[in-house]
Amino acid sequence: MPERLPGLKLFLLAALAFYFLLSYRVALTTLGVAQLPKGLPALQGVTWLGRWKMFTDLRDEHWDVVAEVQGASGWAGIDLAARYPLHWDEGPGYLRDDYYENPKRLAALAADLCRIPGTQAARFTEVRWPKTLGKETQPRTGESRTSLGSFGCR
Amino acid sequence: MSMTEPGVVEALFRPRWGGGWTLARVAFALAAFDCQLDRWWHVRDALASPNVVFNSGPAHVAERVLVGGPAAWGLWGLGVVGIGGLLYGGRFAKPGLWVWVLAYAALLATCGLNVRVPERFIVWAVVGLSLGPIGVRGLLTGRASPFGRYFLLVVYGSLYLSTGMMKALEEGAWWDGTALAYDLMDRWHAGGWFPTWLSGQPLLCAVASWTTIAFEVGFSFLVGFRRLSAWVLAAGIGMHLSIDVLMEVGPLGVMAMSLYPVLLDPEAGRRLWMRVAARWPGVARRVESW
């Protein structure tokens, strides 16, 4: 049976290819290598489904998120991995940069830590240290720490 | 050109061997089942407690929709039923595909985690399969519209070309292999003695990087050639299997490879199938009824 509406289908395929081209262009801006296109926030939303950034940039550091809660006796560390052990695929959910770099989500995490009796505040720190190639042991030398935020408990 | 001669557009959409759709449907169902089995260990992530905070993002999903244990396992089971329909084929193929993907998406949504490339790829794969004749039986000896195949070629071309171009043009560390070497030491994606050892071999990492870039950039330009089609896809299988051996990157690799039968040049695919059928006629007769 001959194809129905072949011209329209060809147009749709061309439009799809254009969509992916646009998505690639927007993906470049997220790597900081191109001028921002006009209307970027809207374009980022529209092209989200067509962007394929995977293992593109150099990631030569390990990272972790350290949580502390303030009680009557001062600041004390919280074992986040023990408290939130669940993860969908790789690594605990709170270690995804999409999660911990989002202030609203971090506030939600703080709100949960505030349920610990006697807690007055919670704070988070991102810790980074260089990867060591070819070695099983990864010494945490040359650590850098960045404060992610401090949240008071109501 | 006479009035009876087909134009360029009509010739482009001439029906072609459709056996790739049958093979891809079965392969995709098996890949989806593999994906679903992986989720078995993480179904409890979909529960609102104890990690309710992960669901409290901007959407506040779990604050309003609480998925309890039975519901989460129900969604998981529904996904398995959908995969069963897809595997069985016929009139159950497309409904089964959508039941699986919607159940999978519902589980993912309750986690409140970011949707990554593998999940986004699944969306495109499901649309591509829906455009193809996956519910038609006997396509290993029949013909089908090439529209769904063209759709998937555009999707795969974008997937490989954009990742390859970003590596080649925007990250110099891909040219000397160090970007790959450091990825092999990722705490969550990688691990084990072999990736660790490989990360300390600069020459091997550089060769692996160049091979990856060559495949990803070359795919779009070469897969359309009949004589090269199978070789390009074989290179893709090599790349995805290598990644799966070295790193844990979710279901992307198996999902991507499962649709390769559709991407194969139809005439090359038909000839390949004829050779298989000549060598194993009993198996071929059984498979042709799928």
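The values are calculated or read from the model by the stated rules, or taken from the named source; none is laboratory data. Just so it is clear, the model here is predicted, and its values are computed rather than measured. Virtual Cβ from ideal backbone geometry, glycine too; neighbours counted across all protein chains shown.
The set of residues from region A:94-131 being at the interface with chain B (Cβ under 9 Å from one of its Cβ atoms), under 15 Å from the mean Cα position of the chain (by Cα) and among the basic types (Lys, Arg) comprises A:Arg96, A:Lys104, A:Arg105. For region B:50-109, the set of residues classified as at pLDDT 95 or above, aliphatic (A, V, I, L, M) and either closer than 30 Å to A:Leu106 by Cβ or in contact with a Leu (Cβ under 8 Å, 6 or more places away or on another chain) (or both) consists of B:Leu86, B:Leu87, B:Ala93, B:Leu97, B:Val99, listed by residue number. Checking B:Pro133, B:Pro118 one by one, the residue that is outside any helix (DSSP H, G or I) and either within 11 Å of chain A (Cβ to nearest Cβ) or at pLDDT 95 or above (or both) is B:Pro133 and no other. Residues of region A:1-15 that are more than 18 Å from B:Leu152 (Cβ to Cβ), assigned to a helix (DSSP H, G or I) and at the interface with another protein chain (Cβ under 9 Å from one of its Cβ atoms): A:Gly7 alone.
Using the structure shown, decide if A:Gln70 is more than 30 Å from B:Glu248 (Cα to Cα) and either more than 8 Å from chain B (Cβ to nearest Cβ) or surrounded by 15 or more Cβ atoms within 10 Å (Cβ to Cβ) (or both). Spelling it out, A:Gln70 is indeed more than 30 Å from B:Glu248 (Cα to Cα) and either more than 8 Å from chain B (Cβ to nearest Cβ) or surrounded by 15 or more Cβ atoms within 10 Å (Cβ to Cβ) (or both). The set of residues from region A:39-67 being assigned to a strand (DSSP E or B) and either within 12 Å of chain B (Cβ to nearest Cβ) or among the polar types (S, T, N, Q) (or both) comprises A:Glu61, A:His62, A:Trp63, A:Asp64, A:Ala67.
Looking at A:Leu8, A:Leu16, A:Leu12, A:Leu21, just one residue is without any contact (Cβ under 8 Å) to a residue 12 or more places away in the chain, exposed (fewer than 12 other Cβ atoms within 10 Å of the Cβ) and not aromatic (Phe, Trp, Tyr), and that residue is A:Leu8. Taking every residue in region A:74-93 that is at the interface with chain B (Cβ under 8 Å from one of its Cβ atoms) and in a loop (DSSP other than H, G, I, E, B) and pairing it with any residue that is surrounded by 14 or more Cβ atoms within 10 Å (Cβ to Cβ) and modelled with pLDDT under 70, at least 6 positions away or on another chain, the pairs with Cβ-Cβ distances below 6 Å are A:Tyr84/B:Asn51; A:Leu86/B:Asp45; A:Leu86/B:Asn51; A:Trp88/B:Asp45; A:Trp88/B:Cys111; A:Trp88/B:Leu113.
So in region B:76-91, with the set limited to residues that are buried (at least 17 other Cβ atoms within 10 Å of the Cβ) and in contact with a Gly (Cβ under 9 Å, 6 or more places away or on another chain), which one is farthest from B:Trp290 (Cα to Cα)? If we take residues in region B:76-91 being buried (at least 17 other Cβ atoms within 10 Å of the Cβ) and in contact with a Gly (Cβ under 9 Å, 6 or more places away or on another chain), then B:Gly82 is farthest from B:Trp290 (Cα to Cα). All of B:Leu228, B:Leu222, B:Leu169, B:Leu159 fail the test of being closer than 27 Å to A:Leu49 by Cα, without any contact (Cβ under 8 Å) to a residue 12 or more places away in the chain and either more than 9 Å from chain A (Cβ to nearest Cβ) or in contact with a helix residue (DSSP H, G or I) (Cβ under 8 Å, 6 or more places away or on another chain) (or both), apart from B:Leu222. Residue-level check: of (1) aliphatic (A, V, I, L, M); (2) part of a helix (DSSP H, G or I); (3) facing chain A (nearest Cβ under 8 Å), B:Leu204 misses just (3).
Looking across region B:189-201, the residues that are assigned to a loop (DSSP other than H, G, I, E, B) and surrounded by 18 or more Cβ atoms within 10 Å (Cβ to Cβ) come down to B:His189, B:Ala190.
Is there a residue being surrounded by fewer than 18 Cβ atoms within 10 Å (Cβ to Cβ), within 16 Å of the chain's Cα centre (by Cα) and in a helix (DSSP H, G or I) anywhere in region B:262-274? Within region B:262-274 (the criterion being surrounded by fewer than 18 Cβ atoms within 10 Å (Cβ to Cβ), within 16 Å of the chain's Cα centre (by Cα) and in a helix (DSSP H, G or I)), the answer is no, since none of the residues qualifies. Taking region A:58-98 as the range and being acidic (Asp, Glu), modelled with pLDDT under 80 and closer than 20 Å to A:Gly149 by Cα as the test, the residues that pass are A:Asp97, A:Asp98.
To keep it simple, each residue is scored yes or no on (1) of a type in the set (Gly, Ala, Ser); (2) under 24 Å from A:Asp98 (Cα atoms); (3) touching a residue at least 40 places away in the same chain (Cβ under 8 Å); (4) crowded, with 21+ Cβ neighbours inside 10 Å.
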position	(1), (2), (3), (4)
B:Ile122	no, yes, yes, yes
B:Leu131	no, no, no, no
B:Pro146	no, no, yes, yes
B:Thr163	no, yes, yes, yes
B:Asp183	no, yes, yes, yes
B:Arg187	no, yes, no, no
B:Leu203	no, no, no, no
B:Thr211	no, no, no, no
